[in-house]
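Structure first, then comments.
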Amino acid sequence: TPTDIVLSSSSIAENAGANATVGTLSTTDPETGNTFTYSLVSGDGATDNGAFNIEGNNLRATNSFNFETRSSYSVRVRSTDQGNLSFDKVFTINVTNVNEAPTDIVLSSTTIPESSGTNVVVGTLSTTDPDAGNTFTYTFASGTGDTDNSAFEIDGASLKAKSSFDFETKSSYAIRLRSTDQGGLSTDKTFTITVTNVNEAPTDIALSSTTIAENAGANATVGPLSTTDPDASSTFTYSLVTGTGDTDNA
């Protein structure tokens, strides 16, 4: 009768693929020259038999495992010799962690008000990754959507605008960012940064005429007023105010 079963390896890397070999089975038997067949059998420790299969003397994982989902499996293996005598043994199969690439980049805000100033934070970057506890470095990446990379800078996990933006000049910027984990694996993502309009102060007043004929009469028009303003479509009201040069407002 066989007295023991040995599995050459009891661990398998996650994402190894369908039917990847965990290890090779061999049998201890008092009789030399015996041959053995291996099978997965029910009984104590057979909890996860359905996740494995045996080909010849190789124990294989039927599907790829995910360390983050589950890292330990239990199987019960039987070795049967040519005389139909057998021995059962339970094995614990451990799934080992493999560094996996980040899957997404998130930017907490993709808008910035115009005239915000230099080096103002647009938003904070974070990364989605299958591996818990990974750390990430953020950089600009070249490729589709990198048109306006040069208008921004990255400080740690903060995306900053290098200069103050003007909505009336340009209201949308395209950038391409890369998140790289501590193992050198990365993912790229493009973002559209929108500049929001802010009401800005008028910059000048024009008076179409600054002369009036004597004896023109009460409430005669001197000239229409108009205003220069950075914001298109703004409307204006006019009033006489106190201050330097108000001598003749009355």
| task | Treat every Asp and Glu Cβ in the range 1-157 as -1 and every Lys and Arg Cβ as +1, leave all other atoms uncharged, and give the resulting dipole magnitude about the Cα centre to the nearest 20 debye. | result | 600
| request: First measure r as the distance between the Cβ atoms of residue 101 and residue 196, then evaluate 1/(1 + (r/R0)^6) with R0 = 41 Å and state the FRET efficiency to the nearest 0.05. | output: 0.75
| request: Residues in the range 150-186, backbone N under 15 Å from the label point at residue 120 (7 Å along the Cα-to-beta-carbon vector): list them, ranges by number please. | output: 152-153, 159-173
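Could you work out the local net charge near residue 4, counting Lys and Arg as +1, Asp and Glu as -1, over the other residues with Cβ closer than 11 Å to its Cβ?
Details: positive: 89; negative: 29, 88.
Local charge sum for residue 4: -1.
Leaving out ligands, DNA and RNA, and with a 1.4 Å probe, what % of the accessible surface on the chain is carbon or sulfur? Intermediate values should be presented prior to the final figure.
Values: 6780 of 14210 Å².
Heavy-atom surface of the chain belonging to carbon and sulfur, 1.4 Å probe: 48 percent.
When Lys and Arg each count +1 and Asp and Glu each count -1, what net charge do the other residues less than 13 Å away from residue 124, Cβ to Cβ, add up to?
Numbers: positive: 160; negative: 155.
Summing Lys and Arg as +1 and Asp and Glu as -1 gives 0.
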| Per residue, what accessible area does the chain have, given a 1.4 Å probe and all protein chains present, in Å²? | 57
| Local charge sum around residue 96 (other residues, Cβ-Cβ under 14 Å, Lys/Arg +1, Asp/Glu -1)? | -3
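What FRET efficiency comes out for residue 225 versus residue 247 if R0 is 22 angstrom and r is the Cβ-Cβ distance? Round to the nearest 0.05. Before the final figure, lay out each step's value.
Values: r = 19 Å, r/R0 = 0.86.
Efficiency, from the Cβ-Cβ distance: 0.70.
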| Inter-label distance, nm, simple model (7 Å from Cα along the C-beta direction), residue 158/residue 135 | 1.9
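The values are calculated or read from the model by the stated rules, or taken from the named source; none is laboratory data. Fair warning: this is a prediction, and the values are worked out from it, not measured in the lab. Positions of Cβ are generated from backbone atoms using ideal geometry, with glycine treated the same way; all protein chains shown enter the neighbour counts. We work out accessible area using only protein heavy atoms, side chains counted, and drop any ligands, DNA or RNA first. Shrake-Rupley method; radii C 1.70, N 1.55, O 1.52, S 1.80 Å.
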